[in-house]
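Engineer: Quick one: structure below, then a few questions.
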Amino acid sequence: MTINEQPSAAPEPTSEPVPEQAAPESARPVALITGVGRSIGIGAGIARQLAASGWDIAFTYWTPYDRRMEWGAEDGAAAAIAKELADAGARTAAIEADLTGPDAPTRIFDEAEQRLGPVTALVLSHAESVDSGLLDTTVEAFDRHFAVNTRASWLLIREYGLRFRGEPGAGGGTGTGRIVALTSDHTVGNLPYGASKGALDRITLAAAHELAHLGVTANVINPGPVDTGWMNDELRTALTRGTPLGRLGTPRDTAHLVDFLCSPQGQWVNGQLLKSNGGAAS
């Protein structure tokens, strides 16, 4: 299993009615967060923290992914998360999205902008994650992992760069744009996940240079072992023992770092792969 969560864009019929909201002018910047389909997940934790820090939140989710995973779908999660964010003062846009489609990123940005306005921060918290190794990974699974974890992330970053209308940075270090992607160092027994996340790292770090003229920073976070419902007792105990601080990570731990990177105080951190894992050994 992995530390991240589900992919999330071409809207399909869903049993989770999410309240539509108008898009009046707002002084709050807009963050687009992918992979916010479960209330205990990392994506939801990031959304809560950014909402509390004054951001409006567009987020994506993809219920069919959860249905085929062992933890199952969380009924009503998107609507509940949207309400929680609204209670914190954020305007919200919940977008059900299948990131296997190459047109999904464009549709996501279209809907986010229509409902909330231009996106200032892009946080990539989605993931396709099915355990398999070198000998038992299928071509279909390999291609799906790269479609969701790598290609969709590239296309989302590209779409962000093409649309970004924030304050330019152009050498002055005053830019306002932010890209943060979540990664993993899983390799053994996690071939398609680990390989596709490794490629995501390179794409995101390239954005730190190629989008610098726009005033955009781009960083990658490795959150380490975060139990969002996928660990069994044996794995939980082993990972806890392997962490110097004697506990597992929480979505809030990751959210605090994302919040800092998206803040004005985090502007000088750029082009980095940051380990926020309590010192856990690789």
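The values are calculated or read from the model by the stated rules, or taken from the named source; none is laboratory data. Since this is a predicted model, take the numbers as computed values, not measurements. Neighbour counts run over all protein chains shown; Cβ positions are idealised from the backbone, glycine included. These accessible areas exclude ligands, DNA and RNA; they are computed on the full protein's heavy atoms, side chains included. Shrake-Rupley method; radii C 1.70, N 1.55, O 1.52, S 1.80 Å.
Engineer: Just to verify a number: what accessible area does residue 209 come out at with the full protein assembly present, 1.4 Å probe, Å² rounded to tens?
Structural biologist: 150 Å²
Engineer: Follow-up question, since we're still on this one. Taking every alpha carbon pair in the range 39-134, what does the distance histogram look like in 10 angstrom bins from 0, in percent?
Structural biologist: Using 10 Å bins, I get a P(r) of 14, 47, 31, 7, 1 for the range 39-134.
Engineer: While we're looking at this one, here's another question. List the trypsin sites (Lys or Arg not before Pro) within the range 117-220 that DSSP assigns to loop and that have no more than 16 neighbouring Cβ atoms inside 10 Å.
Structural biologist: 165
Engineer: Under unit Cβ charges (Lys, Arg +1; Asp, Glu -1), what dipole magnitude, rounded to 20 debye, does the range 113-172 have relative to its Cα centre?
Structural biologist: In debye, rounded to 20, the range 113-172 gives about 380.
Engineer: Mean separation of Cα pairs under 8 Å and 6+ residues apart, divided by the residue count of the range 26-103: what relative contact order is that in percent?
Structural biologist: Computed over the range 26-103, the figure is 33 percent.
Engineer: Kindly provide the pair-distance distribution of the range 80-149 built from C-alpha pairs, with 5 Å bins from 0 and whole-percent values in order of increasing distance.
Structural biologist: Histogramming the range 80-149 at 5 Å steps yields 3, 13, 19, 20, 16, 11, 8, 6, 3, 1 percent.
Engineer: Can you say what percent of the DSSP beta bridges in the range 16-141, counting only those with both residues inside, are antiparallel? Round to 5.
Structural biologist: Expressed as a percentage, antiparallel bridges in the range 16-141 total about 0.
Engineer: Dipole size in debye (nearest 20) for the range 51-182 around its Cα centre, Lys and Arg Cβ +1, Asp and Glu Cβ -1?
Structural biologist: Dipole size: approximately 560 debye.
Engineer: OK, next. As an exercise, take the mean of 1/r over every pair of distinct alpha carbons in the range 80-200, invert it, and state the Kirkwood radius in angstroms.
Structural biologist: Evaluated over the range 80-200, this radius sits at 16.1 Å.
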